[in-house]
1. Rolling a 1.4 angstrom probe over the protein heavy atoms, how many square angstrom per residue are accessible across segment 46-117?
2. How large, in percent, is the carbon and sulfur part of the accessible surface of the chain at a probe radius of 1.4 Å?
3. Would you kindly state how much longer the chain becomes between Val19 and Lys121 on full extension, computed as 0.36 nm times their sequence separation minus their alpha carbon distance, in nm to one decimal?
4. Could you please put Asp35, Asp21 in sequence from largest to smallest accessible area, using a 1.4 Å probe?
5. Could you tally the net charge around Val80, taking each other residue with its Cβ under 15 Å from the Cβ of Val80, Lys/Arg +1 and Asp/Glu -1?
6. Which order do the peptides 72-78, 117-123 take when ranked by the mean count of other beta-carbon atoms within 10 Å per residue, highest first?
7. In segment 43-86, whose amide N lies under 18 Å from the spot 7 Å out along Cα-to-Cβ of Glu26? List them in ranges.
8. Multiply the residue gap between Arg7 and Phe37 by 0.36 nm, knock off their C-alpha separation, and tell me the result in nm, one decimal place.
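The values are calculated or read from the model by the stated rules, or taken from the named source; none is laboratory data. Computed from a predicted structure; not experimentally measured. As a convention, Cβ positions derive from the backbone with ideal geometry for all residues, glycine included, and neighbour counts pool all protein chains shown. Surface accessibility is based on the protein's heavy atoms, side chains included, excluding ligands, DNA and RNA. Shrake-Rupley method; radii C 1.70, N 1.55, O 1.52, S 1.80 Å.
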Amino acid sequence: MDKDKLRDGRIKAMEILYVHDLLKLETTAVSEEHDRFVKELISKYTPLAEKINNLISENLENYTIDRLNFVDRAIIRLAVCELLSGTPKPVVINEYLEITKEFSETDDYNSRAFNNRLLDKIAKSI
């Protein structure tokens, strides 16, 4: 699958997690219209959700997972899911920082720097 399709799939999966988190839905369902890669990401995330949240929480300093904004929380969760699934660390970090830049970044670059530090720390702990 080409790089653009993978990025689009990651973005769609992030949007699904975002909506489910925002609306406090119990399960993360993926409709038939979503492509295979999106379904694969969500199906990997669902059984690992508790482990992923614990890893994030353990690596946050002076912060809690509930304080992360919904977009960044979805981005970080999917990135950790891919790290746990064996996607190479540089690929995961680069891809999700690009998604952060597109969906969460403000002019001061705080989100990208924060997510970069957090993902790097989590990647080293896995």
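1. Details: 3850 Å² over 72 residues.
I get 53 Å² per residue for this part.
2. Values: 3580 of 7200 Å².
Here it works out to 50 percent.
3. Numbers: separation 102, 0.36 × 102 = 36.72 nm, distance 2.63 nm.
Gain on stretching Val19 to Lys121: 34.1 nm.
4. Per-residue accessible area, sorted high to low, gives Asp35, Asp21.
5. Details: positive: Arg10, Lys44, Lys51, Arg73, Arg77, Lys89, Arg117, Lys121, Lys124; negative: Asp21, Glu50, Glu58, Asp72, Glu82, Glu95, Asp120.
Its environment carries a net charge of +2.
6. Values: 72-78: 24.7, 117-123: 17.7.
Taking the mean over residues of other Cβ atoms within 10 Å, the ranking is 72-78, 117-123.
7. Within reach of a label on Glu26, which here means backbone N under 18 Å from a point 7 Å along Cα→Cβ, segment 43-86 contributes 46-50.
8. On the way: separation 30, 0.36 × 30 = 10.80 nm, distance 1.00 nm.
9.8 nm is the gain from fully extending Arg7 to Phe37.
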